[in-house]
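Since the structure comes first, as structure tokens, the remarks are kept for the end.
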Amino acid sequence: MPDAQSKSQAENSQIPSRDLFDVVVIGAGVVGCAIARRFTLEGAKVAVVEKATDILDGASKANSAILHTGFDAPKGSLELECIRAGFHEYQEIRGELGLAQEKNGAFVVAWSPEEMGKLDGIVAQAHENGVEDVHLVDAKTLQSAEPNLSTQALGAVRVPQESIIDPWSSPYVYLRQALDNGAKVYLSCAVTRGEFDGESWRLETSRGDLRARTVVNCAGLYGDTVDSEVLGDAQFAIAPRKGQFVVFDKAAHDLVKSVILPVPTEVTKGVVVFRTVFGNLAVGPTAEEQDSRTDTSTDQDTLKALIAEGIAKVPALAGMPVTATYAGLRPATDRKEYRIFPNLEKNWITVGGIRSTGLSASLGIARHVYRLYEGFGRRHDALEAPEVPKAAALAHLLPRDWMSAGHGEIVCHCELVTRREIERALSGPLAARSMGGLKRQTRATMGRCQGFYCSARLAELTAEKFEQPVSEGIGHD
Amino acid sequence: MIDRALDSPLPIDVAIIGGGPAGLAAAVELKSRGVKRVLVLEREEQAGGIPRHCNHPPFGMREFRRVLTGPKYAARLVARAQKAGVEIQTLTTVTDVYPGGELAVASPAGTHLISARRVIYATGVREAPRSARLISGARVQGVVNTGALQSMVYLKGRRPFSRPVIVGSELVAFSALMTCRHAGIRPVAMIEAGPSATARWPSSLLPRLRQVQLHTATRLVAIKGARSVEAAVVSGPDGQEREIACDGVILTGEFTPEAALARCGHLDVDPATCGPVVDQWGRCSDPVYFATGNLLRPVETAGRSWAEGRKTGEWVARDLADGLPQPAGSLRITTRDPLLKYAMPQRICKSQPAGGMGEIQMRVTARVSGNLVARSENATVWRQALNSRPERRIEVAIADIVSRVSEGTVEFSIEEAAT
């Protein structure tokens with residue numbers, strides 16, 4: 001594919017800028033995107049480097065898309081503080097950025113007398129965590145709120161504000177806002193080494209050198225390797241934890257309204273039944289320790305067990321078609337808490353071990369990291385009237401593109417993705433350069449047929465656009 | 001002329017969702033019976049359905065008395081419908097169906113609400129994707145269904161890989177093989193979980209099949225690869241797992257009706273066929289809606305879907321003119337036997353049992369011999385020796401059943417089954 005190659009080479013050209021950035025953020029996962037936005041809004045000159053072709057390609061590509069209130073976060077923890085601040089800021093900005101949020105609440109459901117015994121403690125902790133509207137409900141109240149839930153449920157804790165959000169459009173628009181206000185992003189750009197001269201960093205990357213006064217390491221699943229290879233010292237080791245999910249057909253969406261959480265054990269938060277903002281119902285995740293930082297394979301027996309667990313909790317899921325299966329990797333460490341360390345001598349902030357609450361906490365983490373940065377003595381003038389982009393409206397309750405004239409055609413029939421949306425996602429500084437990136441930006445092929453109907457049209461529309469093409473022209477070998 | 005039809009103030013007599021062989025045949029039949037306004041809503045750029053991208057014979061024997069390739073056949077179906085005065089509205093998606101024949105429709109010009117006196121639902125079938133099959137392994141690029149492969153090759157002149165493994169041996173797997181050959185794709189193996197090939201392959205094609213090794217009693221265990229497919233892990237008759245190096249996987253067959261509008265809307269869906277519940281006229285649980293073609297059940301040929309569509313057109317015309325018998329008090333037809341995949345229609349309107357389909361269609365899930373038995377109220381009401389295979393259609397005359405049962409449920413099962 002000579003055409004595609006020259007295209008990607010152009011985009012992978014050397015970093016042109018000899019500029020000195022105030023901050024280089026390594027890693028464009030949800031945390032990196034939120035940090036880039038915060039620093040840019042505060043007035044810093046920011047560059048984001050991401051080794052993948054598209055953003056959100058590591059831990060952030062797969063999660064349960066829940067915006068947590070922090071009701072069950074460890075008491076007094078930084079995690080709790082960041083989740084609370086993140087939840088709060090999300091409410092503030094969701095209107096102007098056009099972010100999806102369905103605030104249908106959650107039930108932490110007890111399925112055994114032993115679990116019933118833990119509910120009071122969960123309520124007490126929630127209140128201590130500042131989430132004061134959390135309360136106990138009996139089995140009858142639970143049944144009337146969630147009539148499709150198995151009658152085996154004995155009681156529950158109600159968490160009214162737990163929400164579901166779009167796990168990709170939100171971080172995309174965080175980074176978009178940074179870029180619209182002057183930040184730079186370098187994709188397919190892996191940081192290999194670095195030198196600190198006492199004033200600033202010279203980062204060696206696969207696309208050339210980059211200079212920054214301060215570096216924020218948000219490398220997620222590679223947070224420890226970036227610390228050890230670039231900073232020269234890592235205080236933690238990433239132990240990837242895989243979570244598999246099953247997404248049911250949209251016909252299942254109405255079976256459950258709230259997020260159905262289990263009573264957590266010491267080991268895991270357990271398997272959740274939840275709606276997605278795209279109109280599906282999903283079950284997951286598992287929690288499986290593994291060495292690989294890339295292996296997101298699924299496993300038939302595990303998926304069957306997840307389906308069985310879903311049916312046990314929501315019997316009407318029996319026989320419901322499966323739309324999708326996926327797995328994500330959490331960047332866990334040997335400890336539960338976030339591993340956020342400022343290194344004052346080296347102008348370096350490590351933001352690591354954001355194992356499972358990154359989506360909820362990212363905006364709060366960004367504020368916390370900015371305060372650490374101010375602790376280095378850095379000051380900027382916050383932007384007075386920043387540009388405010390709009391997030392892609394992919395959630396089913398938002399006004400979707402297919403509803404308005406001029407979209408060209410509906411390309412992906414299952415998710416009602418238009419040609420205009422695809423063309424938009426294939427242009428601009430965050431243009432999709434892989435099928436994964438295009439899926440996250442548009443949802444194309446993520447519906448029930450998984451590309452049976454639209455793969456060919458997509459292959460045509462994306463020809464010469466992707467680093468790894470989905471097809472090649474016949475007779476061009 | 002994209003939205004002229006949708007904006008027209010003339011009442012729509014029949015709206016047909018899906019412009020494949022069944023939908024177009026129904027449309028032509030309706031026009032030939034004097035139904036005034038028949039509107040086919042087709043979400044693709046061209047009507048014609050799946051045959052548009054099956055660029056090989058044999059299509060059209062039943063309909064045009066000659067052997068055609070899929071695309072030529074599809075073009076003829078469309079031309080015939082247009083000549084008959086059917087309005088075909090392409091790039092038009094029905095996004096919701098409502099009781100009484102109201103449809104929410106999206107087109108490049110925006111959204112519309114249209115209303116029809118009757119609606120025929122003819123959205124066909126598709127193959128089960130990787131996710132629904134719960135296949136283990138890496139979720140990487142290069143895993144496609146036959147339908148996607150064929151549209152890529154025949155409609156867009158592109159190919160997704162060059163050395164795939166073909167999974168399955170239904171007739172469609174053959175179609176996949178032919179498509180590969182056309183595109184210069186060289187399949188490295190064809191695997192079939194059953195003891196022998198599911199489809200009986202046309203003998204003229206066997207020499208071509210010989211160039212690809214068929215591994216029977218072999219199932220796909222997992223897919224391996226970092227960014228795209230690198231190997232298929234299979235388990236053979238000896239139970240040993242081994243890897244077949246390849247750069248793609250074609251998942252063929254395992255058809256399922258594309259019944260999303262019914263499932264997410266107000267129509268009853270049969271968990272066995274995965275299509276809407278219908279009576280012998282193809283009438284759905286909302287009697288304004290009819291279903292036809294492969295949406296009724298997986299899966300028959302384009303020719304058979306066309307013939308069913310034509311019948312449906314006839315019945316809907318009759319319903320509009322004189323009214324079909326009321327559906328109240330129907331017999332229910334079911335099966336819970338795992339050896340029987342489905343029984344369709346699921347309801348039989350007794351007041352006129354001779355009308356409509358004439359037969360109950362069934363399929364077995366595995367090669368089986370025994371007795372096909374109909375029971376009602378714990379009594380056997382009908383029985384017949386059965387020796388069948390999954391690819392064969394079983395037909396039981398509705399009249400035979402209705403003459404023996406007056407009400408309630410008739411359940412089919414296979415007794416003395418030997419598989």
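Values quoted throughout were computed directly from the atomic coordinates according to the rules given, and no laboratory measurement underlies them. Remember, it's a predicted structure, so these values are computed and weren't measured experimentally. Quick reminder, even Gly has a Cβ in these numbers, built from the backbone with ideal geometry, and neighbours come from all protein chains shown.
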Using a 10 Å cut-off around each Cβ of peptide B:140-153, what is the average number of partner chain Cβ atoms that fall inside? 5
Return the aspartates and glutamates within reach of A:K465: Cα separation strictly under 12 angstrom, same-chain partners fewer than 8 residues apart disregarded; answer none if there are no such residues. A:D3, A:E11, A:E423
Give me the compactness ratio for the protein assembly as shown, meaning the Cα radius of gyration over 2.2 N^0.38 Å. 1.00
Based on DSSP, what percent of beta bridges with both residues in the protein assembly as shown are antiparallel, to the nearest 5? 65
With n ≥ 4 as the cut-off for DSSP H runs, can you work out [θ] at 222 nm for chain B, using -39500 (n - 2.57) per run divided by the number of residues, rounded to the nearest 500? -5500 deg cm²/dmol
Starting with the highest mean, order A:28-35, A:281-288, B:189-196 by the number of other Cβ atoms within 10 Å, averaged over the residues of each peptide. A:28-35, A:281-288, B:189-196
Quote the convex hull volume per residue of segment B:352-402, based on C-alpha atoms, as a whole number of Å³. 81
Give me the inter-chain shielding for B:123-129: mean count of other chain Cβ atoms within 10 Å, whole number please. 4
Across A:K45/A:K184; B:K31/B:K83; A:K75/A:K346; A:K269/A:K336; A:K75/A:K242, pairs whose alpha-carbon gap is larger than 20 Å: A:K75/A:K346; A:K75/A:K242
What's the center-to-center distance, using Cα atoms, between segment B:68-135 and segment B:277-342 in Å? 17
Compute, for segment B:129-253, the length of the dipole vector about the Cα centre, with Cβ point charges of +1 (Lys, Arg) and -1 (Asp, Glu) only. Units Debye, rounded to 20. 420
Please work out whether segment B:269-419 counts as rounded, prolate or oblate from its C-alpha gyration tensor, where a ≥ b ≥ c are the square roots of the eigenvalues and a/c under 1.5 means rounded, while otherwise a/b larger than b/c means prolate and anything else oblate? oblate
Can you order the peptides B:293-306, B:212-225, B:131-144 by their average number of other Cβ atoms within 10 Å per residue, highest first? B:293-306, B:131-144, B:212-225
When N is the residue count of chain A, what does its C-alpha Rg come to as a fraction of 2.2 N^0.38 Å? 0.97
With each run of n ≥ 4 DSSP H residues scored as -39500 (n - 2.57), what mean residue ellipticity at 222 nm is computed for chain A after dividing by its residue count and rounding to the nearest 500 deg cm²/dmol? -8500 deg cm²/dmol
Entries in A:K103/A:K304; A:K61/A:K313; A:K61/A:K390 that, when Cα-Cα distance is taken, lie over 23 Å: A:K103/A:K304; A:K61/A:K313
Value of relative contact order over chain B, rounded to a whole percent, pairs C-alpha under 8 Å and six or more apart: 15
Anisotropy class of segment B:332-418 from Cα gyration tensor, a/c 1.5 cut: prolate
Each residue of A:322-329 has, on average, a number of other protein chain C-beta atoms within 10 Å of its C-beta equal to 3
Restricting to Cα pairs below 8 Å that are 6+ residues apart, what does the relative contact order work out to for segment A:401-461? Please round to a whole percent. 31
What shape does chain B have by the C-alpha gyration tensor, where a ≥ b ≥ c are the square roots of the eigenvalues, rounded means a/c under 1.5, and otherwise prolate means a/b greater than b/c and oblate the rest? oblate
Order these peptides, A:49-55, A:129-135, B:105-111, by their mean beta-carbon neighbour count within 10 angstrom, highest first. A:49-55, B:105-111, A:129-135
Distance from the Cα centre of segment B:174-191 to that of segment B:384-411, in angstrom? 38
